[in-house]
Every structure is written in C-alpha cells, then in structure tokens.
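Worksheet: one structure, shown below.
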Amino acid sequence: MNRIGDYGENSGPVAGVTAPVPTVTASSGSLRGDSSLLGGNAPLPDPDKSDSAVVPDPQYVNGQQASGNLGLYLDFNNANPPQPVRGTKGATDPGPRTYDYEKLNPDLFAPPATDTGDMPNSMWPMGLSHNRFGTGDGAGWARQQNTEVLPVATAMAGVDMRLGPNAYRELHWHTASEWGLIMKGCVRVSAINDEGQSFIDDACAGDVWFFPAGIPHSIQAFEEGCEFLLVFDNGGFSEDGTFLVSEMFLRNPLEVLSKDLKADLSAFDNIPQNQLYIFDGTPAPKNISEQNITSSAGSISGNASYTYHWSQQAPFEVPGGSVKILDPLTFPIAKMFSAALVTIQPGAMRELHWHTTSDEWSFFLQGSGRITVYAAPASSRTFDFTAGGVGYVPAAQSHYIENTGTEDLIVLEVLQAPKFTDISVAQWLALTPKQVVKDHLHLPDAVIDSLPKEKTLLKPGNKNLTALAGNGTAF
Ligand code: MN
Ligand code: MN
C-alpha cells in the first residue's frame, strides 16, 4: 500500500488525530493507467477493504450540539480538530484541510442554521493581502483591500500602511478621496488646495486626516515610525494607482520642466530615476512653523482643516462599551465620510441595525467578533473577524457586531454619508404601535413594554457565549 496523498492537517502536530489516507494497491511504474481501469472493465472494489471515511471519536466544543437556530459562537481554539457540525446537521470532516482557517472562521465552517441562501463574501483579512515594500531600507510597506479581493465592497477600499522612522509616503494625489486613521505613532501631513491655501499639521494615534480627491499631500513619520489605515471612497481604488511627484517629473520632457520651474537643465541631474513610493527621509523639524509656507491665500484651518484630532475626543460611554462618532457635523471637509469607533466589551454587541443608504466598511482594530449580514429577501451569512480584518455590509442590510473574545473588541465603522446614523431594530420596534408589533412577531407583552425608546448603540451580554446551551441566560 502506497500513500498517494497526505490527508488531514497539512502540518503541525495535533494530539489524538490519525488522519485516514487514501491508498493504492498497484505499484506500476507507468505514468498513466490503461483502459482496463475504466468502470465496467476494472474489477469491482471491495468497500470493506478500502479506505474508511469514518472519523473516530469526534470531539465537539461547548454549544456545538445545541440547536442550530440558537447559533451560539463556537470556540474551536481547543478543538482537536474542529468538526463541521452544528446541532444535528453537518458531518465530521475526514478530508484534507488546515485547522487554523476553521478555528478562525467557526461560523463559516459550522454555520448557524439561520444562515440561508447565497451571499457574497463580506470579510477580508489584511493578513491575506500582498504586502508591497517601500523602496528605502526599513522605510515601510502597504497592503490593501479592494474589489480585487472583496468584490462586494464597491463603495470603499482600504489600505494598511507602515512608515519606518522619518520615512515618507511620497508626495502624491489620487482620483479617490482619502480618510486616514493613525493606529500607531505620529506623522506630519502637508497639502495644498486649489485656492493656493496650504496646510500642515502633526497628528498621532487615534487622529484622522482627510484629503479630497485630487488634493496633493505628503505624509512623513516621526522618529518612532507610524502605521495608519486609509479608506477610499471607491471600492476599485488601488494604492498602486496614485499620481506620484517622482513619476510626473520622469514623464515630462526636461525642456518643459526647465521652463516650468525656471531652472537650468542641470538642475534635474539628480531627480529620482524611479518612483520613491515609501522611502527614507530626513527628520522633520520639531518646530512645525519652520515648515509652514503660505501664499497670499493663507493657510487652511477651522472647518476647512484636513485633520481632526479624534484621539482627544472622549468616548461616549454606554452599557456594554463606548462609541465615538466622527462625521461631517464636526469634520466638514470629509463631506461623505462618517465613522464610528466602537469599543465592545466581552459578551456585548453592537446592536442589530442597518444604515439607510450607505454601505459600511469596517476594520477590526482589536479583539475578535462576528457579524451576520441579512440581505433581502431571505438570505443571511455569518462572518468571523479578528484584528486586521476588513468587513463590508451593503446599504440597508441588517447586521450586528458581537464580541466573541475575552478582551474588548474595537472596531471602526465607516459610511459614505453626511451623518453617522443607523436604524436600530430595538428602537424601531419600541416606537411602532405595540399592537402592530404583537400582531407581527407574537412577542410577550413584557418584552415589547421594555423595548428602549432611545437608541442604545450597544447591548451588554453574558461573557459566556454558550451559556444558553444549558439552562443559563444569555444576558
Ligand atoms: Mn494619499
Ligand atoms: Mn453598522
């Protein structure tokens, strides 16, 4: 008997697992078989002597055998190995697979029974994106999510960018508008607008910038480097498709450059011969006023400012966590970018809701969570997320974000809307005549009477997500 493949986990030791392997009985040296192996010619196999697809002694995690409609979060981290079973449905998996994917995506592997129909994928981990390195040594990198990898995300795209100490994202502009959240470190940003007004500011982790389409800008890290998240208002946007100052100089006749900048041809002897992209720079002077240059039009400030020091806004505390909103009501230059930074405690969730006219692009900054997307008329799917993951929910489709981990979940929701708003399911039912709600859903009076007339944003919950599997309570 020769092994012709290696079934089961493709690498790494997993206690207690003996993966069945397919076998062959012949040991011919020929590359192909012959017509004697065709069905009808070949001898019948004996199932009793062939491979078994039986998985001996499968192990199930807490909540896995509870009703599929209950849809409890299944923690597969200690499952050896996880099995695609929920309630009475599904079956063990004796075949080839990589356990880590399934441990990270229990709701794809063993979906709640409420997940029905065809739904587009709504999840992309930045950890699966190609990382493009900067041109300078240690200068940085960027990886992106757009419709190439997440086709449903048509309205927004995202980039995760790292700049090393004093490194630049080179002077550039693009056809999409850019909203940026600094995740680590500090930067100096500069830009000018089409009125000839200039802008320069320093910003640190938790702060936001916005550059409208076509506005040229630069970003330089301070000496400890930085990492930031960019969101663009075009799902097909590619970070590799930006207009670069280096390329613009390379793509015009030197005679024209000489005339345009009123300089001798020799002045262009040392211009870069390749794009700079992300490259090492000289340290920015501490005193920002040394770099503040203005025309007669003056500088950009106040409501026209391209930055918002969001880190200095205190979170709005609610039971289950906290929320901070940044939208054009307070950051007017970012006309259609409305964001919520949501901290969700273990067991709690961002309440069931939808956004009336905007898609939602979300980014998981810390922890782990899950989202069920419901699409009209009768489909839904549940997706699991961990830090560095992008989520996407099309306009009007209902969703929640449940913390499935043991630490606070921090997630950013970004809309293309002039104001951050949502329709809360609980508030909707609270503000609908009681008789109407009762006639539709047959909920007990006590439940309808206690629905919150004010929006709560989050719902606290039991840290034990499988408590309902027994006689416990979920909240
Ligand atoms: Mn940019
Ligand atoms: Mn939302």
Could you give the size of the charge dipole of the chain about its Cα centre, using +1 on the Cβ of each K and R and -1 on the Cβ of each D and E, expressed in debye and rounded to the nearest 20? 780 debye
Using a Förster distance of 25 Å, how high is the FRET efficiency between residue 195 and residue 419, based on the Cβ-Cβ distance and rounded to 0.05? 0.40
Classify the chain from the C-alpha gyration tensor, please: rounded if a/c falls under 1.5, else prolate or oblate depending on whether a/b exceeds b/c. oblate
So what are the ³J(HN,Hα) numbers for segment 413-418, from phi and the Karplus equation (6.51, -1.76, 1.60; θ = phi - 60°), rounded to whole Hz, Gly and Pro as x? 10, 10, 10, 9, 7, x
Suppose every K and R has +1 on its Cβ and every D and E has -1 on its Cβ; what is the size of the dipole of segment 230-351 about the Cα centre, in Debye to the nearest 20? 340 debye
Determine the distance separating the Cα centre of segment 42-87 from the Cα centre of segment 413-429; give it in Å without decimals. 40 Å
Could you tell me which residue out of 248, 208, 225 lies farthest along the dipole of segment 172-291 toward its positive end? Charges go on the beta carbon: Lys and Arg +1, Asp and Glu -1, centred on the Cα centre. 248
Short version: ³J(HN,Hα) in whole Hz for each residue of segment 254-269, in order, from phi by Karplus 6.51 cos²θ - 1.76 cosθ + 1.60 (θ = phi - 60°), x for Gly and Pro, what are they? 4, 4, 5, 4, 4, 5, 5, 9, 6, 9, 4, 4, 5, 5, 9, 4
Note to self, the chain gives a 222 nm [θ] from helices alone (DSSP H runs n ≥ 4, -39500 (n - 2.57) apiece, / all residues, nearest 500) of -2000 deg cm²/dmol
Which are the unpartnered cysteines of the chain, meaning those with no other cysteine Cβ under 4.7 Å from their Cβ? 226
Simple label model, 7 Å out from Cα along Cβ direction - residue 366 to residue 202, nm: 2.4 nm
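Test of understanding: ordering 373, 85 by Cβ neighbours within 10 Å, fewest first, what list do you get?
85, 373
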Amide H neighbours of residue 321 at under 5 Å, excluding residues fewer than 5 places away on the same chain, with H built from the backbone geometry, are 345
Determine ³J(HN,Hα), in whole Hz, for all residues of segment 109-118 in sequence, where each value follows from phi through the Karplus function 6.51 cos²θ - 1.76 cosθ + 1.60 and θ = phi - 60°; x replaces Gly and Pro. 6, 9, x, x, 5, 6, 6, 9, x, 8
Between segment 191-270 and segment 122-170, what is the C-alpha centre distance in whole Å? 17 Å
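Cα gyration tensor of segment 415-464, axes a ≥ b ≥ c as square roots of the eigenvalues: rounded (a/c below 1.5), prolate (a/b > b/c) or oblate?
Oblate, because a/c is 1.5 or more while a/b does not exceed b/c.
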15 Å cut-off, amide nitrogen to a point 7 angstrom out along residue 463 Cα→Cβ, residues in segment 399-433: 403-409
Full extension from residue 101 to residue 128: what is 0.36 nm times the residue separation minus their Cα-Cα distance, to one decimal in nm? 8.5 nm
Under unit Cβ charges (Lys, Arg +1; Asp, Glu -1), what dipole magnitude, rounded to 20 debye, does segment 352-475 have relative to its Cα centre? 180 debye
Expected output is a single nm value to one decimal: the length gained when fully extending between residue 294 and residue 316, i.e. 0.36 nm times separation in residues minus the C-alpha distance. What is it? 4.2 nm
Linear extension gain, residue 271 paired with residue 148, 0.36 nm per residue minus alpha-carbon span: 40.9 nm
For the pairs 89/434; 324/463; 324/453; 335/459, note any where the Cα-Cα span goes beyond 25 Å. 89/434; 335/459
Rank 363, 380, 440 by how far each Cα sits towards the positive end of the charge dipole of segment 360-475 (+1 on Lys, Arg Cβ; -1 on Asp, Glu Cβ) and give me just the farthest. 440
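Every read-out reported here was derived from the displayed coordinates using simple, explicitly stated rules and does not represent laboratory data. Here the structure is a predicted model, which is why all the values come from computation and not from measurement. All Cβ positions, even for glycine, are placed from backbone atoms using ideal geometry, and neighbour counts span all protein chains on display.
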